Structures are given as C-alpha cells and as structure tokens.
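Okay, structure first, notes after.
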Amino acid sequence: MIEEALLEINRGTAEIIDIERIEKLLKAYFDEGKNYTVKAGFDPTAPDLHLGHTVLLQKLATFQKFGARVQFLIGDFTATIGDPTGKSATRKVLTPQDIAKNIESYTSQAFKILDESKTDIVYNKEWLDALGSVGMLQLASNLTVARMLERDDFSKRYASQTPIALSEFMYPLLQGYDSVHLKSDIEIGGTDQKFNLLMGRQLQKSYEIKKQQAVLMMPILEGLDGVQKMSKSLGNYIGVTDAPNDMFGKILSISDDLMWRFYELLSSKTLNEIADLKTGVSDGSLHPKSVKEALALEITTRFHSEDAANNAKSEFDKVHSKSQIPTDIPEFSCEGEVWIAKALLDCALEPSTSQARRDIKQGGVKINQEKVADEKLVLTTGEYLLQVGKRKFAKLKVN
RNA sequence: GGUGAGGUAGUCAAGUGGCCAACGACGGCGGACUGUAAAUCCGCUCCCUACGGGUUCAUAGGUUCGACUCCUAUCCUCACCA
C-alpha cells in the first residue's frame, strides 16, 4: 500500500529531499488515518493557469488520494514583491486589485484538478502583514548575503550585470516563513524553486519546529518551443482556459521529443503504457502523429470535454491536413470602400499596413481563396473572406 | 560620497561624424515542402495608400552642412573604493 503510494508520488519527480519523512507520514496515514499537510505556493501574477502549473497540481492531487490536506498558498503578499526566479529582469509589482482579480480565476481553474474538499486556500498576506518590520528584520537575520548569492539566478543576474532589487532578496525568506507559519509537512514546487523550498526547511529549524518539511520537486515543463520553461510571459504556453481548438493545435505543434515529456508529466497513462508507445514509435508500428493526437485528445478532454476534443481534432484535420476553411471565423464590417491593406489591419489579421503590403507581395494574402497580386486593391461593397497565411481568417462585409 | 564601464529595434548584440532604418543571432511572419502549427530550404522583419515621406539608437539640450557616433545636464544599471 505504502509502496504503491510512493511509486505514484515518485512519478516524474526531479528530486525529493527527506523521502523518509514522506514515508513516515504515509505510514501514519495508512495505519492510524492521520492526515498531513502539503504546501504549494502559487504566484497570482497571472490570472490563468497553464499546463506547467498543472504538473504541480496533479502531484498535489496524488497526495490528496493518500491522505494529504493541501495548503494551496496564494502568494498575495509576495506577489507585491515579485519572485525573481528565472527572471532576467526585475518584475513589475502588482496592485492589490490586480491580485484579487487573478486569484478568483486562478482557484476556480485549479479545482478542475484538485479535490476542493481536501484543500485549504491560504493567503500569506494574512501572517506576513502581521510580521511587521521587527519580525521582518529578525527573519532577515537568518541569512547572509553570500548565501543568498549562491542562488543560481541571483548569481547569474549579478554576473550579467542585470539589476537585482534588494526587495527580491526577501522573497525566499518570506516563502520560507510561510512554511514556518503553516507548519507544513511537505512542500512541493518546481526545480527552479529549490532554493526557496530549502529555505522553508532552514527557517523551520530556526523557528524551532521539530520536524522540517520534506521537499518534492517537479521538473519544469518546457513550453511549445521545447527549450524554455512554459510561461505566460514567454508566450509559449498552453493555457488551461485555452479554447479546445487552440489547445489541441498547440499540443500537436510540439516536437516529437517534447511529446514524451508531456506524456510523462501530464498524461494519466501509466509509465508502462507510455513505454509501450515509445517502443511502438521507434519500431515503426505506431505513427508519431497519431500518438501525439492521442495526447492532445487526452489533455483537451481533461479541461473541456470529450466532444470538444473530438471536434477540435476534426477541425484541425479540416484546416491543416486538408487546408480547408475553419468553421468559426471572426466577422467584421466597415463602411465604404477599403484599401486591402487597411482592411487586413482592421480585421486584426495584420499589425500594420506595412506588414500587410509585405505579405501581399509574398503571396500570403488571399481573398475568397484567390491570391491577391495587387497591393493597391480596393474592396468595394460586398462580402469577402480574407486570409493571411495558412491559418488567419476573417470575414469582412463592406457596406 | 568618489572613480571607472555602460544604456542601440521583441530579445541578445555590432556599429564610434556621412556608405545607417542601422551587421549578425534568436524570435516572429510569409512561401515551398510535409504526418502537424515539427524538421528543412527560401524570403521578409519601424511606421505611412509608399520608386517617395515620417519617426527612431536612455531622456533633454548643444556643436556641425550632417550625429547612434562629439559636448553638457539628467535618469537608470554595473564594477571597484569608502
């Protein structure tokens, strides 16, 4: 029983510190029904979750199956500082209003994966506000600058002469203090959070909590480019709230290599099933595209529905495999005659008339399926189907 | 507080008086091709009804026929010293 749980907990993890602690907690749960707490912090700087976040959420859900109460920590206080992790520049500071708005949509998305009845949403503003400047300085005395600079991204930024705001040094401390206040048994986070996660252990010790939290780290899910971590600001993400068609298409666009990462970290298939798929592809009995489609279907179904996923698949086939016109096309209308480049700009197909002209010259613009050759073309009254490139469409009605 | 280095398009990064709307790389976009929005190859990549015009190289002034390049002030970053 414990072995099974451990196996599932282990899946896909990058590193676990103090696995013995986790074993003990599981044992206490299976033997005596004792619950324990697993903390995970979420930074409400962006209102939408993406698949990268769901890697953590799924792991939390796994813990919930084995007796954990999840401390879903919203870093509303720390968000006003901005986590320096992985950032080459100082982050913008959010207003409380922004944060409140983000939290709302954030949690509702999270409960698509988490069991709400086993989750406590906590806000670190609650206790960090109360800390005051005295408490803050006491906290800060636990750490030296040299130690802080050990942190990889700090030293990198320092070396590359990118600014580090002094306030950013406080972030790991505050995150660690969260673990002190919550007396967390386990904390999970991405590998990029290692320093912060360990800070929790160190501070728990300093504040004389008998048992320090175990730490479980998940690898960082790569974004669509397959290189950088999935993140909203890099624009390489698949959002939980993405429309089914987008979600499906984005997953299908990832490289064949990256597909296996997604399988490991996101799919609910067992590791054995995934291994079978892998051998199938390498010996040629399975087509990589169909394997990727299966993944896209699974994920799209999870966040939408099976119907939506199947529709997305047929829509994708229609538009991309057969180069047909998609079903839903945004519609626009305008008064009087329009110059083609201006029309493309107004329909949001192009960012500027200059870009529109370039695309026309290169043969990338079609009206009613026909290539436009004349960049001075003027559209008169009527309805047009405008197309830029392979997948940008708009209907325009000229009155 | 002192001294030195530096701030160039989405990012990184050349350019040190005219040849600069500004090399190159990445990204992005278009085309060809394909199992895909993958890979590869080719082209484009500030704005403007446009063989021309306008606005750019931290900000504000100045020198000059002419400045991203020189001068002055200001803001910001980094290093060393205190």
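The values are calculated or read from the model by the stated rules, or taken from the named source; none is laboratory data. Keep in mind that this is a model prediction, so the values were computed, not measured. Every residue, glycine as well, gets a Cβ built from its backbone with ideal geometry; the counts of neighbours run over all protein chains shown.
Taking first residues from segment A:215-226 that are farther than 15 Å from A:Thr62 by Cβ and in contact (Cβ under 8 Å) with a residue 40 or more places away in the chain and partners that are away from RNA strand B (no atom under 16 Å from the Cβ) and assigned to a loop (DSSP other than H, G, I, E, B), the Cβ contacts under 6 Å between residues at least 6 apart in sequence or on separate chains come to A:Pro219/A:Ala14.
Would you pick out the residues in segment A:206-238 that are in a loop (DSSP other than H, G, I, E, B) and under 10 Å from the mean Cα position of the chain (by Cα)? Selection gives A:Ile220, A:Leu221, A:Gly223, A:Met230, A:Ser231, A:Lys232, A:Asn236, A:Tyr237, A:Ile238. Candidates A:Ile360, A:Ile367, A:Ile325: the one that is in contact (Cβ under 8 Å) with a residue 40 or more places away in the chain and not charged (D, E, K, R) is A:Ile325. Just so you know, in segment A:361-371 the residues that are more than 9 Å from RNA strand B (Cβ to nearest atom) and not polar (S, T, N, Q) include one that is nearest to A:Gly382 (Cα to Cα), and it is A:Ile367. Checking the structure you have, find out if any residue of segment A:381-393 is in contact (Cβ under 8 Å) with a residue 60 or more places away in the chain, more than 10 Å from RNA strand B (Cβ to nearest atom) and in contact with an Asp or Glu (Cβ under 8 Å, 6 or more places away or on another chain). The answer is no; no qualifying residue exists. Taking the conditions (1) surrounded by 14 or more Cβ atoms within 10 Å (Cβ to Cβ); (2) out of contact with any strand residue (DSSP E or B) (no Cβ under 9 Å at 6 or more places or on another chain) in turn, A:Asp276 satisfies each one other than (1). Taking the condition of a type outside the set (Val, Ile, Thr), assigned to a helix (DSSP H, G or I), within 14 Å of RNA strand B (Cβ to nearest atom) and not assigned by TED's automatic domain parsing to the domain that holds A:Asn124, does A:Glu273 pass? No. Out of everything in segment A:310-352 that is more than 10 Å from RNA strand B (Cβ to nearest atom) and among the acidic types (Asp, Glu), what residue ends up being nearest to A:Leu252 (Cα to Cα)? Here the residue is A:Asp328. Quick check on A:Pro163: is it out of contact with any strand residue (DSSP E or B) (no Cβ under 8 Å at 6 or more places or on another chain) and assigned to a loop (DSSP other than H, G, I, E, B)? In short, yes. Of all the criteria given as (1) surrounded by 15 or more Cβ atoms within 10 Å (Cβ to Cβ); (2) of a type outside the set (Asp, Glu); (3) free of Cβ contacts under 8 Å to residues at least 24 places away in the same chain; (4) farther than 25 Å from A:Thr241 by Cα, the one not satisfied by A:Asn310 is (4). Of the residues making up segment A:331-372, those that are under 16 Å from A:Lys390 (Cβ atoms) and acidic (Asp, Glu) are A:Glu350, A:Asp359, A:Glu370. Does A:Leu173 fit the bill of being buried (at least 18 other Cβ atoms within 10 Å of the Cβ) and either in contact (Cβ under 8 Å) with a residue 40 or more places away in the chain or polar (S, T, N, Q) (or both)? In short, no. Against the conditions (1) out of contact with any Ser or Thr (no Cβ under 8 Å at 6 or more places or on another chain); (2) more than 9 Å from RNA strand B (Cβ to nearest atom); (3) at pLDDT 90 or above, A:Gln355 satisfies every one except (2). Out of the residues in segment A:111-170 that are more than 19 Å from A:Leu198 (Cα to Cα), free of Cβ contacts under 8 Å to residues at least 40 places away in the same chain and of a type in the set (Gly, Ala, Ser), which is nearest to RNA strand B (Cβ to nearest atom)? So the residue we want is A:Ala159.
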